[in-house]
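Since the structure comes first, as structure tokens, the remarks are kept for the end.
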Amino acid sequence: MKNIPFCLKPFNELSYSTDGTRPCCIWEGEKFNGQIEEYNSSKYLKRIKKSMYSYDMNILKNTCRNCIENEKNRLYSPRLTPNNFKIFEYWPSNICNLKCIMCNSSSSNLIEEEEISLGILKPHNKTLTDITKFDFTDYNIIKIFGGEPTASIHTFTQLKSIIDRGYAKNMKIAYTTNATSYNKIWYNIANQFVERDVGISVDGTGKVFEYIRQNAKWSAVEKNIFKIIEDAEDYKISIVLQATSFLLADKWIDFFFQFPIKNIGLYQLYDVPGRLTAIPNDIKNTIVNRLERKNNSLSNKVIDILNNTTHDAEELKKYKEYILMLDARRGTNIYNVDPIFQDILTRV
């Protein structure tokens, strides 16, 4: 046993969603399916804490794969992020107004409905989260994820229970939003917490943004970004490291130069094909050359990430299959976004 555990998250965080509770949002092991009120005293959590202290890599190499891979690639690793707070990560529902290409049915009811209509999923009764009886006394921060938190009445109701029981006056609320709207009801609720921290999910600008975040309009999102930032104590613009947007990085990255580099987060793509490793080396080198001319801290950071990315032909093959499948399903066409996709996808 070591004095410092492999990861502190099981000791000061939890991540609660409709399909169970786990130590953090990128944990890839089994989830606790009991009542949320029972989680902190469960045998499930005790087993995880034991594996953290014993550095049992037979377990952790699988459950903590995302952090381990990110550290190898010098990307953001939640495991290594200092934290002295007690955090409750909350995924209230999958209610969302978008069908992002990197998303799935657990985070978008529109994708869920799409897959039910295609026979991919079977119709089922909705499971709702419930935090109305959870004791938040020791928690400093509640992080709200989606779906789109600002679009869900269920989320409003759950947060109101925290406010009504007096916890909000001692808690920070941190949430992610796709910035497709500026919901005054949401901000009236959020403003009752002692502090507000917002993550704004944005992938590129213009045509590629609208292809990735289907149903969103860049012109509206661009305006809302500044409204949301003005209302928050702190913010971070979150960009997913995915081939679809970064093949065109030199065309959209200038928009983000106006924000401090500390307020820009670059995060690994999970769960679906299309990581940066899908980009062939010759195209990657062309992107790097174009970014080098910009001479900006953000473009330099992207250059560093790209230079540490090795092309994977199998990832490109899977990416092509995935994107063309989505296009056939939704009536979209990636070839209309930019000619570069014709080049890259005809290579496999």
> Where residues in the stretch 121-158 are of a type in the set (Phe, Trp, Tyr) and touching a strand residue (DSSP E or B) at 6+ places or on another chain (Cβ under 6 Å), which of them is surrounded by the fewest Cβ atoms within 10 Å (Cβ to Cβ)?
Replying inline: Phe145
>> One residue is enough: does the stretch 285-296 have a residue meeting the conditions in the same structural domain as Ala179 (by TED's automatic domain parsing), on the phi > 0 side of the Ramachandran plot and under 21 Å from the mean Cα position of the chain (by Cα)?
In response: no
>> Can you tell me how many residues within the stretch 176-226 are under 16 Å from Val240 (Cα atoms), without any contact (Cβ under 8 Å) to a residue 12 or more places away in the chain and not acidic (Asp, Glu)?
In response: 0
> Do you know which of the residues in the stretch 46-82 that are polar (S, T, N, Q) and free of Cβ contacts under 8 Å to residues at least 60 places away in the same chain is surrounded by the fewest Cβ atoms within 10 Å (Cβ to Cβ)?
Replying inline: Asn58
>> Every residue in the stretch 118-155 that is small (Gly, Ala, Ser) and either at pLDDT 95 or above or assigned to a loop (DSSP other than H, G, I, E, B) (or both), please.
In response: Gly119, Gly146, Gly147, Ser152
> Does Ile26 satisfy the condition of being hydrophobic (A, V, I, L, M, F, W, C), part of a loop (DSSP other than H, G, I, E, B), within 23 Å of Thr150 (Cα to Cα) and in the same structural domain as Ile131 (by TED's automatic domain parsing)?
Replying inline: no
> In the stretch 31-45, what residues are charged (D, E, K, R) and either surrounded by fewer than 12 Cβ atoms within 10 Å (Cβ to Cβ) or touching an Asp or Glu at 6+ places or on another chain (Cβ under 6 Å) (or both)?
Replying inline: Lys43
> Is it true that some residue in the stretch 311-327 is among the β-branched types (Val, Ile, Thr), touching a helix residue (DSSP H, G or I) at 6+ places or on another chain (Cβ under 7 Å) and under 19 Å from Asp343 (Cα atoms)?
Replying inline: yes
> Which one of these does Ser106 not meet: (1) over 20 Å from Pro23 (Cβ atoms); (2) out of contact with any His (no Cβ under 7 Å at 6 or more places or on another chain)?
Replying inline: (1)
>> Going through Asn285, Asn295, Asn289 one at a time, which residue ends up being exposed (fewer than 15 other Cβ atoms within 10 Å of the Cβ) and either of a type in the set (Val, Ile, Thr) or modelled with pLDDT under 95 (or both)?
In response: Asn295
>> Restricting to the stretch 29-44, name every residue that is touching a helix residue (DSSP H, G or I) at 6+ places or on another chain (Cβ under 6 Å) and either touching a residue at least 24 places away in the same chain (Cβ under 8 Å) or assigned by TED's automatic domain parsing to the domain that holds Ile142 (or both).
In response: Gly29
> Within the stretch 161-196, can you find the residues that are at pLDDT below 95 and acidic (Asp, Glu)?
Replying inline: Glu195
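The values are calculated or read from the model by the stated rules, or taken from the named source; none is laboratory data. Fair warning: this is a prediction, and the values are worked out from it, not measured in the lab. Heads up, the Cβs are rebuilt from the backbone with ideal geometry, glycines too, and the neighbour counts pull from every protein chain shown.
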